[in-house]
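The values are calculated or read from the model by the stated rules, or taken from the named source; none is laboratory data. Keep in mind it's a predicted model, so treat the numbers as computed, not measured. Neighbour counts are summed over all protein chains in view; Cβ atoms, including those assigned to glycine, are modelled from backbone coordinates with ideal geometry.
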Number of protein chains: 2
Amino acid sequence: MSAPLFDAAFRERLAELFRWRRDVRHFRRDPIADATLVELVHEAACSPSVGFSQPWRFVLVRDDTRRRAAIASFERANADALRGMSGADAEKYATLKLSGMREAPVHLAVFCDIETPSGKGLGRATMPETLAYSAVMAIYTFWLAARAQGIGVGWVSIIEPDVITAALDVPSQWKLIAYLCVGYPEDDHPTPELERTGWESRDPRATTLHNR
Amino acid sequence: MSAPLFDAAFRERLAELFRWRRDVRHFRRDPIADATLVELVHEAACSPSVGFSQPWRFVLVRDDTRRRAAIASFERANADALRGMSGADAEKYATLKLSGMREAPVHLAVFCDIETPSGKGLGRATMPETLAYSAVMAIYTFWLAARAQGIGVGWVSIIEPDVITAALDVPSQWKLIAYLCVGYPEDDHPTPELERTGWESRDPRATTLHNR
């Protein structure tokens, strides 16, 4: 079997996808079809995983009580975070919209099955955290594939993992990796919202190739 | 500014990129130009990061003594892993080629600066591990962008993070996330090497959309 050729035109579009991906917090309420989510999870399953362990578990949060519990968890954690800040940072933080959980048509929690037998432990004796990292890459594949369909994803990390895990009634060996909002974005931008609002700017250390 | 349109043809190529990406352990020895690595690191810097913290740090391992120290670390960790297995698993494990460190023209270590002030801590009070997850996504962007240029990446997780961190003489607040081999692959495949060799097969739980 011979590999597909990825030409310069594709690479330019791929770079645009990386640049326009965005963490979205402003969603339209238009629904996302279940079939689309299933398709995106299938794409995500092509992600790399340590020892071919495939430990990601995608959970669609349909139930309104569970969804409200997640929103309450974000609001509590966000209020706590604000209380931990002072001065100009606190003033600015209070103006930021850090999740689109109320508007997003889809809430999707992603877990890592830390006891999966798949992969037979290969590759994770000295760096067991690579199991969670595998789930992170599946999330990012989902994110990129969604964006290529015009669908936005927002990763809500200001949330209490124990509360979410309990609210969603998942097996105890599933570790929460991400709580995602999914939906069509209100608008598109090539720069992060935290850059546009002046919270943070590009860090030159992030584009440096260090030598050793 | 209006977003680029990602059409069906692009999405099909993107899905092919996900399918043909691969963790590569068989490299040709042809060099990779420094300019190419710099370009890939710039693409990686478009990755999502918690609070726009951009905590990834890419380190090119040029020095032969350091490179040999990394290879020795892999060989030690791999021998330990084999000793931890028994029966058919041990027999099979002993036949697997789990890194291309000797042949790969480029060794690239990727760290997470766990004390970076960028992002001012936003988004990581309740889930501090999202900082490392941000570096993981930068690694995966690098990987996909490399593959789109025909360049293969292999993530070596069978390695001792403390040994690598010491050998590379990096700041103490840099946490090792991945040790990568980079180079042109000897051949291309749409399935993981661990699937082709019979170590593990596709896990149906990885393509399931669970409902709650």
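Residue by residue through region B:11-70, note down the ones that are aromatic (Phe, Trp, Tyr), facing chain A (nearest Cβ under 7 Å) and surrounded by 21 or more Cβ atoms within 10 Å (Cβ to Cβ). Residues satisfying the conditions are B:Phe52, B:Trp56, B:Phe58.
Going by the structure shown, is A:Leu176 in contact with a helix residue (DSSP H, G or I) (Cβ under 7 Å, 6 or more places away or on another chain) and facing chain B (nearest Cβ under 7 Å)? Considered against the rule, which asks whether it is in contact with a helix residue (DSSP H, G or I) (Cβ under 7 Å, 6 or more places away or on another chain) and facing chain B (nearest Cβ under 7 Å), A:Leu176 comes out as no. Note on region A:85-109: among residues that are surrounded by fewer than 18 Cβ atoms within 10 Å (Cβ to Cβ) and either charged (D, E, K, R) or in contact with a Gly (Cβ under 8 Å, 6 or more places away or on another chain) (or both), the one that is farthest from A:Leu194 (Cα to Cα) is A:Pro105.
B:Thr36 meets each of the listed conditions (1) over 16 Å from the mean Cα position of the chain (by Cα); (2) more than 29 Å from B:Thr130 (Cα to Cα) apart from (2). Residues in region B:112-140 that are among the small types (Gly, Ala, Ser) and either over 22 Å from B:Ala70 (Cα atoms) or crowded, with 24+ Cβ neighbours inside 10 Å (or both): B:Ser118, B:Gly119, B:Gly121, B:Gly123, B:Ala125, B:Ser134, B:Ala135, B:Ala138. Checked across region B:93-100, the condition of being within 11 Å of another protein chain (Cβ to nearest Cβ) and more than 14 Å from B:Cys181 (Cβ to Cβ) holds for at least one residue. Of all residues in region B:86-104, those satisfying the criterion of being of a type in the set (Ser, Thr, Tyr) and part of a helix (DSSP H, G or I) are B:Tyr93, B:Thr95. Selection of region A:38-56 for residues being in contact (Cβ under 8 Å) with a residue 60 or more places away in the chain and under 22 Å from A:Gly100 (Cα atoms) yields A:Leu40, A:Val41. Of the residues making up region B:200-212, those that are closer than 25 Å to B:Ala88 by Cα, part of a loop (DSSP other than H, G, I, E, B) and within 7 Å of chain A (Cβ to nearest Cβ) are B:Glu200, B:Asp203.
List the number of the failed condition for A:Phe6; all other conditions in (1) facing another protein chain (nearest Cβ under 8 Å); (2) part of a helix (DSSP H, G or I); (3) out of contact with any Ser or Thr (no Cβ under 7 Å at 6 or more places or on another chain); (4) surrounded by 16 or more Cβ atoms within 10 Å (Cβ to Cβ) hold. Result: A:Phe6 passes all but (2).
Here A:Thr141, A:Thr116 are screened, and the one residue that is touching a helix residue (DSSP H, G or I) at 6+ places or on another chain (Cβ under 9 Å), assigned to a loop (DSSP other than H, G, I, E, B), within 8 Å of chain B (Cβ to nearest Cβ) and not small (Gly, Ala, Ser) is A:Thr116. Hey, does region B:76-84 have a residue that's part of a loop (DSSP other than H, G, I, E, B), touching a helix residue (DSSP H, G or I) at 6+ places or on another chain (Cβ under 8 Å) and either surrounded by fewer than 16 Cβ atoms within 10 Å (Cβ to Cβ) or small (Gly, Ala, Ser) (or both)? No, the conditions are met nowhere in region B:76-84. Restricting the first member to region B:125-140 and to residues that are more than 14 Å from B:His42 (Cα to Cα), and the second to residues that are basic (Lys, Arg), the beta-carbon pairs closer than 7 Å and six or more apart or on different chains are B:Thr130/B:Arg124; B:Leu131/B:Arg124; B:Ala132/B:Lys175.
Entry remark, region B:141-184: residues being crowded, with 24+ Cβ neighbours inside 10 Å, of a type in the set (Ser, Thr, Tyr) and farther than 21 Å from B:Ser49 by Cα number 1 in total. Scan region A:165-183 for residues that are of a type in the set (Lys, Arg) and without any contact (Cβ under 8 Å) to a residue 60 or more places away in the chain and the total you get is 0. Inspection of region A:152-164 identifies no residue that is outside any strand (DSSP E or B), under 15 Å from B:Cys46 (Cβ atoms) and either in contact (Cβ under 8 Å) with a residue 24 or more places away in the chain or among the aliphatic types (A, V, I, L, M) (or both). Is it the case that some residue within region A:177-194 is of a type in the set (D, E, K, R), part of a helix (DSSP H, G or I) and modelled with pLDDT of 95 or more? Yes, region A:177-194 contains a residue that is of a type in the set (D, E, K, R), part of a helix (DSSP H, G or I) and modelled with pLDDT of 95 or more.
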